[in-house]
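This report concerns only the one structure given below.
Every number in this text was worked out from the coordinates using simple rules, so none of it is lab data. Only a predicted model underlies this, so the values are computations on that prediction, with no experimental measurement involved. FYI the Cβ positions are ideal-geometry reconstructions off the backbone, even for glycines, and counts take in every protein chain you see.
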Amino acid sequence: MKQEPIPLPSDLAATVERLERLVQREREGRLQAEAIAERGLRELYESQVRLALLQRITDCANRSNDFSEAIGEVLKEICEHMNWAFGTAYRVERSGKAVSCVAWFTSEPARLFPLVEASRERTFPSGEGLPGRVLRDVHPHWIDEAELATDFCRRVAAASCGIRAVCGFPVMIGDEIVCVLEFFARTAMMDKDAILLTVTQAATQLARVIERERARAALVHDALHDAMTGLPNRTLLDERARAAFERLPESREGLAVLVIDLDGFKAINDKYGHHAGDIVLIETARRFDSVIAACMGGRRRGDEHAWRATLARVGGDEFVIVLDSLPNPGIAMDLAGALIDALKGAILVGDEYVNVGLSIGIAHSAAGYGSVEQLRQDADLAMYEAKSGGHGGVVTFSEALGNERRNRMALESELRDAIREKQFTLFYQPIFALGALQDQGERLRGFEALIRWNHPERGLVEPGRFIPAAEAGGLIVFIGDWVLRQACNAMARLHRDLTERGMSAGELPYISINIAPQQFLQPTFSAHVRRVLLETGVPPELVRLEVTEGVAIIDPDQTRQVLEQVRSWGVKTSLDDFGTGYSSLSYLQNLPFDTLKIDRSFIASMDDPKSRKIIRAILDLASNLNLSVVAEGIETREQGASLREMGCEYGQGFHLGRPLDEASAFALVWPDGAANAA
Ligand code: C2E
Ligand code: MG
Ligand code: MG
């Protein structure tokens, strides 16, 4: 029998109800407290996990100097932490495009293959694709339902891999976006704030790696490049040239070195200042660069062989190009021609246009070359050869040039010994007044001092065989100094003897001394002449300095100054070998010369009416400019007679008197010796 509950008294029932409510509230409170505690614990756990993740990412960033080394690990850490399927990254290149990095991470490579393939080796311009949108807007982008996102170009690939959500984040250095991170998840990305926090902190660490990488790259770049032009410097060039040489086949063919020197650069620096010089160098480098690029462009169209070029600035105005993997040697010559053409257009410096020329030496590697340095030396030599022509241009090194160089070096070393051991001697060739030919015979007016090298084995060596080498090696300055002193001393002695024998001052012969351009343009030259004049006591008006127009070509202003200076002391000046070289009339007009010496080539060809016309023109010119004239190389009686008839005042030549040693030459001046002169 079912028992009916005993009805509680109404106040008791109310008490029970209250108690039950109390118990209920207490249970709810307890559950709430438990939930709060659990959430706190979970949050604590999550933040600890996130902290640990960031710690690992920071450690990785600290370890690596190289972004490509760090990025793979960072993507892996983030994907594993977030339980995402795929993560990849794009570097923002100088072109402003996002280019995929080699590194990516996926938890299931096989399953994600289509998406990895669709993302690999991709370039996204600004605004295009998810990376492009992050790049353009410089903030994160989310795609919640990849399958439905019509602006997501990898939608199909993503869907085939079961991808639901995608996000992209910028990696920033200051205001600059340097990289885009991209993640793919199979489930919805729920807590975006937390995701943003984690990924942004990881991105900050990645940015540090990129900054360090950049700083290191800048240091390396500075160490290997010329600061002014940005071109590779000598160190980088040497490194690349050596590596290219190592790669050569046994035949050693396929490598060429071009040494390029600017002509007239010093004059620009001197005239307009160093800043102008810098502008010229920078512009030259820029033109060279584009010429090389154009030549290589031509190659791509016409030639399937790839060749490489390294253009470097290795000194003040010296550039070097190393060409390697050349399919044919003609490319080097074509390139040299194009470089010369590229500099034909004047360069704007401030408000003025300036011109520079080029001297280019080329050397091609071949069997027998032991090092790239040898090749470089040969190209250098070819460049000097091009420069020595005075007009620049291109010279390719050859065996003959090498031999000449070796001989010249041997000669130079012998010349050093000769200077030390005083193996030089002076010959003197008489110079005559031709005017009185019919009446009294020629009258000896002076001597030209002509150097000879008294070689211990080869005997007397003529100046033509060693002066060029002495000039090239800078030894001419020492030799010329000796000549000046020796000739003045000898003449002073002769003058003393002649004066003692009663010759009047007006009859004393003069001495004409050849001065090489290098010697003449030395800053101390005129002071040196003055000292020699004082020390030897020879009267300045009986000293003539002969220079060729080479000095004026090198430096017309200084030439003028020196000529004026020595003339102010009474010394006479002669322009030697007139008619050869440029024979610029402006030099004649602007430079203070007393005498002009007609080159012997005109006298030798006097039978030719054309030569006679030229001689006549030179004589007219000289007379108008108030210059006296000496005809050089008179070898026959007829030549002497014709010249005299044409009004040529002075002459020298084998017919009148050969160059002789001091005693024999000076004997011609004695009253009894003079009779032998003719
Ligand atoms: P230069 O100054 O024009 O000297 C004249 C040259 O012509 C001399 O040659 C002389 O011997 C030669 N000569 C004179 N008359 C005749 C002739 O009738 N027929 C022919 N065929 N030649 C004649 P050298 O002595 O061999 O000197 C050659 C050049 O060497 C000189 O030409 C001069 O430029 C240079 N030189 C000579 N001595 C010195 C010197 O002490 N210092 C410098 N820097 N150069 C010198
Ligand atoms: Mg001379
Ligand atoms: Mg001469």
Highest mean packing first, using Cβ neighbours within 10 angstrom, the peptides 509-519, 323-333, 147-157 sort as 509-519, 323-333, 147-157
Residue separation between Asp661 and Phe478 times 0.36 nm, minus their alpha-carbon distance, gives in nm 63.7 nm
Reduced to Cα centres, the span from segment 68-114 to segment 201-245 in Å works out to 26
Interchain or sequence-distant (5+) residues whose placed amide H lies within less than 5 Å of the amide H of Gly393 are Leu358, Ser359, Ile360
Note to self, the chain gives a 222 nm [θ] from helices alone (DSSP H runs n ≥ 4, -39500 (n - 2.57) apiece, / all residues, nearest 500) of -16500 deg cm²/dmol
Here the residues of segment 471-512 lying in the modelled label zone of Ile419, meaning backbone nitrogen under 15 Å from a point 7 Å along Cα-to-Cβ, are 471-485
With label points set 7 Å from each Cα along the Cα-to-Cβ direction at Glu108 and Ser126, the distance between them in nm comes to 3.9
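Just list whichever of Lys422/Lys597; Lys266/Lys572; Lys271/Lys344; Lys97/Lys192 have alpha carbons separated by over 22 Å in the model shown.
Too far apart for the 22 Å limit: Lys422/Lys597; Lys266/Lys572; Lys97/Lys192.
Please give the FRET efficiency for Glu28 paired with Asp193, using the beta carbon to beta carbon distance and R0 = 22 Å, rounded to the nearest 0.05.
0.15
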Spelling it out for Glu635: with amide H atoms placed in the peptide plane at 1.01 Å from N, the residues 5 or more places away or on another chain with amide H under 5 Å from its amide H are His655
For segment 270-278, Karplus-derived ³J(HN,Hα) couplings (6.51, -1.76, 1.60; θ = phi - 60°; whole Hz; x for glycine and proline) come out as 5, 7, 9, x, 5, 4, 4, x, 4
Length gained, Arg242-Arg18, 0.36 nm per residue minus C-alpha separation, equals 70.9 nm
With the 8 Å Cα cutoff and a minimum separation of six or more residues, the chain has a relative contact order in percent of 7
For the pair Glu564 and Leu348, the simple spin-label estimate (label points 7 Å beyond Cα toward Cβ) gives in nm 3.6
Checked segment 424-666 with the C-alpha gyration tensor, a ≥ b ≥ c its square-rooted eigenvalues, rounded below a/c of 1.5, otherwise prolate if a/b is larger than b/c and oblate if not; verdict rounded
Yeah, segment 62-224 with a ≥ b ≥ c from its alpha-carbon gyration tensor (a/c under 1.5 is rounded, else prolate when a/b outruns b/c, oblate otherwise) is prolate
Taking a crude spin-label model, label points 7 Å out from Cα along the C-beta direction, the Thr499 to Thr524 distance in nm is 2.9
Quick shape check on the chain: root eigenvalues a ≥ b ≥ c of the Cα gyration tensor, a/c under 1.5 is rounded, otherwise prolate if a/b tops b/c, else oblate, and it reads prolate
If amide H atoms are modeled at 1.01 Å from N in the peptide plane, then the residues at a separation of 5 or more from Ile431, or on another chain, having amide H under 5 Å from its own are Arg445, Gly446, Phe447, Glu448
Rounded to the nearest 5, the percent of antiparallel DSSP beta bridges in segment 424-666 equals 45
Most exposed to least, judged by fewest other Cβ atoms within 10 Å, Arg120, Arg287 sort to Arg120, Arg287
For the chain, the longest principal axis of the Cα atoms and the Cα long axis of helix 372-388 enclose an angle in degrees, to the nearest 10, of 50
Residue span Ser325 to Val99: 0.36 nm per residue of separation minus Cα-Cα distance leaves a gain in nm of 78.4 nm
Hits in segment 354-370: amide N under 19 Å from the 7 Å Cα→Cβ extension of Ser251, namely 363-370
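Calculated FRET efficiency, Ala410 and Arg458, Cβ-Cβ r, R0 22 Å, to nearest 0.05?
0.95
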HN-Hα couplings for segment 631-641 via Karplus (6.51, -1.76, 1.60; θ = phi - 60°), in whole Hz with x for Gly/Pro, come out as 8, 9, x, 6, 9, 10, 4, 5, 4, x, 5
Rounded to the nearest 5, the percent of antiparallel DSSP beta bridges in the chain equals 70
With +1 at each Lys and Arg Cβ and -1 at each Asp and Glu Cβ, the charge dipole magnitude of the chain around its Cα centre, to the nearest 20 debye, comes out at 480
Note, segment 656-668: 3J(HN,Hα) by Karplus (6.51, -1.76, 1.60, θ = phi - 60°), whole Hz, Gly/Pro = x, goes 8, x, 7, x, 10, 5, 3, 4, 5, 5, 6, 4, 5
Sorted on mean Cβ neighbours within 10 Å (highest first), peptides 346-358, 25-37 come out as 346-358, 25-37
